[in-house]
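Here the structure is laid out as C-alpha cells; the discussion comes afterwards.
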Amino acid sequence: MTFAIHGLPVARGIAIGRAVLVASSRLDVAHYFIEPTQVAAEINRVRDGRDAVIAEIHRLQTSIGQMGPKDTPHELAALLEVHLMLLQDEQLTQGVKHWIKDRLYNAEWALTSQLEVVGRQFDEMEDEYLRERKSDLEQITERILRAMRGISSPLIQPLGRGGRKASQQDLLLDDTVDVPLILVAHDLSPADMLQFKQSIFAGFITDVGGKTSHTAIVARSLDIPAVVGARLSSQLIRQDDWVIVDGDAGVAVIDPSPIILAEYGFKQRQGELARGRLARLRHTPAVTLDGQKVELLANIEMPDDAAAAVQAGAMGVGLFRSEFLFMGRHGKLPNEEEQYQAYRRAIEGMQGLPVTIRTVDIGADKPLDDTARDIGHLNPALGLRAIRWSLSEPAMFLTQLRAILRAAVHGPVHLLIPMLVHASEIRQTMSLIDHARVQLDNRGVSYGHVKIGAMIEIPAAALTLKVFLKYFDFLSIGTNDLIQYTLAIDRADESVAHLYDPLHPAVLRLVASTIEEGRLQGKTVSVCGEMAGDISLTKLLLGFGLRSFSMHPAQILAVKQEVLRADTSKLTPWAQAILADDEPARRLNQRV
Ligand code: PEP
Ligand code: MG
C-alpha cells in the first residue's frame, strides 16, 4: 500500500529506487556490487566467517566444560547455545545468499541487510524473551563481520553515484533488474555522510536532523535527493521497499503505485532537463542587469571537491570546511604533512583561483568521532567548539596553521577563523598565526602570504563588528549558526526545525548590518551559510549589498541565473522595506 512520510527537504531532485536500511553503527562496512562470477566466492567468505565464529564458540564451550560445575556460569553456557543456534539458522544463511546472488551485494553488505530483515521480525515478537534475542543476533553479526575482516574480498571499485541505472520503463515493468538504491537510516553523522561521496546510493532518508545540520549540508554537497527529519522512516520502511525520495518537497513515498511512479518519473526527467539548461550558464559571468559583478564561490568539504567547484564555474572556494579532514579518525589527528598535502591538492585543484580554508570547526553536531556523539556536554553547540577548541589545543592549532601557511605557496589562500566572539580570542588567534610563521622561519620552510578573515556567526560578533573590521581583511557570514544562535534553535533538531527562520527580522538585521558595515570600511563580506545558495533569497541578499556568495557547487548555476535577472538599483529600496517589516516573509513574495 502506498504511503508517504513527510520530512525536511535538504537536497533537491527526485530519486526512485529500493530501500537499503542501514544502522549508523554498521555504516563502516563496505557497500559495493560484485560481478556475477564472484557470487560463489562472496558466499564462501560469509560461510568462512560464520564457521570461524562457530569454532570460537565451540572452543569456549570446551573450556567452560573443563571448569568445575561451581565455576561454570550457567547463563554463559546458555548464551553460547543461543548464539550457536542463531549462527546455524537457515533464515540468516538463506537471506544472506539471496542478497549476494540476486542483488549482487558484497558479503558484508548482504550480512548487514539480512540482519535488518531478521531484526525486524524479532522486534515484532510478542514474547519479551524472544524479542530480546535481537541483541544476540546483532552480536553474532558483529563477530562474523570481524572474522570476515581477515578474509579478504576480491578487490572491486565501488560503483559511481546512482547505482546501476534502470530506466523508468524498467522500474514499471520489471522488478528484478538492478535499480538505484535509497539509503534509509535513523541518523547519520556528517562523517558517515561523507563516505557516500563515492557511494552507490541515489538518495537518502533519515529519521532525524534539521535542514542546516551538518549531515544535511554534506548531503546537499553530494547533490543527491535527500529528506531528513522524516520521523519513523527507518521503522516504517522495510528493506528493499520501493521508495521515491522527493527532495524538493521533503517527502518520501513508499511502495508507490504505477501511476505515482510514472508521475514522479516525469518530474525526474523535467528536473534533468532544467539542469541541462542551467549548464549553459557555466561560462557566463555573474553580472546583474545593472552591471554589478557578483562573486559566486564554492563550499567544499574535501580537497577533491575542488573539481566539482571548477566544473560548476565557481570563482574560487569561499569555504573549505577543514574539519572533515579531522573526523572519524579514532583520535589520530592529521599531522602537518598530511594536512599540507590535502590543502595543496585543493589549491592546485582550483587552478589559480583563491581557496578560503577555514580552521577546524569541531564540536556540536560535528564530533571528531561518532563515539563522542553521545557523551559529554549538555549544550555542545554552546561549548568547546571551533576556535574555542583550537585555542584550547594550541599544538594542534599551530600544526594546522603551519600546514595552511605552507600550502599558500601553491596559490592564493585565505585563512578563515570560525566562531570568534571576544577581542581576546582574536588577539590570541593572531598571535598563534604569527607564532606559526616564526616556527616555519626557524625550520627554514617557505610559506605564502594569506589574507585573514573571520566568520560572523554569533550575534555578539555581528553586533561588535568594529573590532573584527580592525583586525581582519575580510568577513564571512555563517548564517547557519547565526540563525541558530540568534533564535536559540538547535539547527540539528528536527523538532524545532519549523522555527529555524532565515527571514526572522532579527536575523535579517544582523546580516544586513554586517554587509553594510563591511562595505563602508571597504572590506569584502561574503555569506557562506546555506542562505547563500537559496535562490529564494538571492535577490534579497543582493539588495542588502552582498556581492560575494559561497555555496555548494551544485547550487552555483541556479544562483547565477537569479543574479543575471536581478537589477540591484531596484532591489536596494525593496530590501530596505523588507528589513523594516515585522513579517519579512510576507513581503518577500511581492514582486520587485
Ligand atoms: C555557518 O555556520 O553558516 C557556516 C557556514 O559554517 P558551518 O555550517 O560549518 O557551521
Ligand atoms: Mg558555522
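If you go through the stretch 472-482 and keep only what is within 12 Å of ligand 1 (Cβ to nearest atom), touching a residue at least 60 places away in the same chain (Cβ under 8 Å) and of a type outside the set (G, A, S), you end up with N480, D481. Checking A532 against (1) among the hydrophobic types (A, V, I, L, M, F, W, C); (2) within 16 Å of ligand 2 (Cβ to nearest atom); (3) within 24 Å of the chain's Cα centre (by Cα); (4) not in a helix (DSSP H, G or I), which single condition isn't satisfied? Of the numbered conditions (1) among the hydrophobic types (A, V, I, L, M, F, W, C); (2) within 16 Å of ligand 2 (Cβ to nearest atom); (3) within 24 Å of the chain's Cα centre (by Cα); (4) not in a helix (DSSP H, G or I), the odd one out for A532 is (4). Which residue pairs have Cβ atoms under 6 Å apart, sit 6 or more places apart or on different chains, and have a first residue in the stretch 223-242 that is touching a residue at least 40 places away in the same chain (Cβ under 8 Å) and a second that is surrounded by fewer than 24 Cβ atoms within 10 Å (Cβ to Cβ) and of a type in the set (K, R)? Going by the 6 Å Cβ cut-off, the qualifying pairs are D240/R18.
Per-residue answers, yes or no, for (1) at pLDDT below 75; (2) buried (at least 18 other Cβ atoms within 10 Å of the Cβ); (3) basic (K, R); (4) out of contact with any helix residue (DSSP H, G or I) (no Cβ under 7 Å at 6 or more places or on another chain):
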| site | (1), (2), (3), (4) |
| --- | --- |
| T176 | yes, no, no, yes |
| I182 | no, yes, no, yes |
| A185 | no, yes, no, no |
| D192 | yes, yes, no, no |
| I224 | no, yes, no, yes |
| V227 | no, yes, no, yes |
| A230 | no, yes, no, yes |
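Selection over the stretch 366-414 of residues that are within 16 Å of ligand 2 (Cβ to nearest atom), at pLDDT below 90 and surrounded by fewer than 23 Cβ atoms within 10 Å (Cβ to Cβ) gives a count of 3. Here R586 meets the list (1) touching a helix residue (DSSP H, G or I) at 6+ places or on another chain (Cβ under 9 Å); (2) over 30 Å from S189 (Cα atoms); (3) in a helix (DSSP H, G or I) almost entirely, failing just condition (1). If you check R491 against the conditions, is it modelled with pLDDT of 95 or more and either crowded, with 23+ Cβ neighbours inside 10 Å or more than 16 Å from ligand 2 (Cβ to nearest atom) (or both)? Against the criterion (modelled with pLDDT of 95 or more and either crowded, with 23+ Cβ neighbours inside 10 Å or more than 16 Å from ligand 2 (Cβ to nearest atom) (or both)), R491 does not qualify. The condition (being within 23 Å of the chain's Cα centre (by Cα) and of a type in the set (V, I, T)) is satisfied by just one residue among I452, I489: I489. Of M419, M396, all but one fail to be in contact (Cβ under 8 Å) with a residue 60 or more places away in the chain, more than 27 Å from A307 (Cα to Cα) and in contact with a Ser or Thr (Cβ under 8 Å, 6 or more places away or on another chain); the exception is M396.
Filtering the stretch 233-291 down to residues that are in a helix (DSSP H, G or I) and of a type in the set (D, E, K, R), which residue is nearest to M1 (Cα to Cα)? The selected residue is E263.
A quick yes/no check of all residues on (1) loosely packed, with under 13 Cβ neighbours inside 10 Å; (2) at pLDDT 90 or above; (3) not in a helix (DSSP H, G or I):
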| position | (1), (2), (3) |
| --- | --- |
| V10 | no, no, yes |
| I16 | no, yes, yes |
| D28 | no, no, yes |
| Q38 | no, yes, no |
| A41 | no, yes, no |
| G49 | no, yes, no |
| Q61 | no, no, no |
| I64 | no, no, no |
| G68 | yes, no, yes |
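Okay, residues lined up against (1) closer than 26 Å to R385 by Cβ; (2) buried (at least 24 other Cβ atoms within 10 Å of the Cβ):
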| position | (1), (2) |
| --- | --- |
| L289 | no, no |
| K293 | no, no |
| L296 | no, yes |
| E301 | yes, yes |
| A307 | no, no |
| Q311 | no, no |
| L319 | yes, yes |
| M327 | yes, no |
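Could you go through the stretch 251-261 and let me know if any residue there is closer than 29 Å to A307 by Cα and touching a residue at least 24 places away in the same chain (Cβ under 8 Å). No, the conditions are met nowhere in the stretch 251-261. Whether a residue is more than 30 Å from A454 (Cβ to Cβ) and at pLDDT 95 or above was assessed, and I254 passes this test.
Looking at the stretch 449-471 only, could you name the residues that are within 16 Å of ligand 1 (Cβ to nearest atom), part of a loop (DSSP other than H, G, I, E, B) and in contact (Cβ under 8 Å) with a residue 40 or more places away in the chain? Within the stretch 449-471, just E457 meets the criteria.
Taken together, I362, I417 contain a single residue that is touching a helix residue (DSSP H, G or I) at 6+ places or on another chain (Cβ under 9 Å), modelled with pLDDT of 95 or more and within 28 Å of A462 (Cβ to Cβ), which is I417.
One line per residue, one yes/no per condition, for (1) surrounded by fewer than 12 Cβ atoms within 10 Å (Cβ to Cβ); (2) of a type in the set (A, V, I, L, M, F, W, C); (3) within 15 Å of ligand 2 (Cβ to nearest atom):
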| site | (1), (2), (3) |
| --- | --- |
| I426 | no, yes, no |
| V438 | yes, yes, no |
| V450 | no, yes, no |
| G453 | no, no, yes |
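The values are calculated or read from the model by the stated rules, or taken from the named source; none is laboratory data. Model, not experiment: these values are computed from the prediction. Positions of Cβ are backbone-derived with ideal geometry, glycine not excepted, and every protein chain shown enters the neighbour counts.
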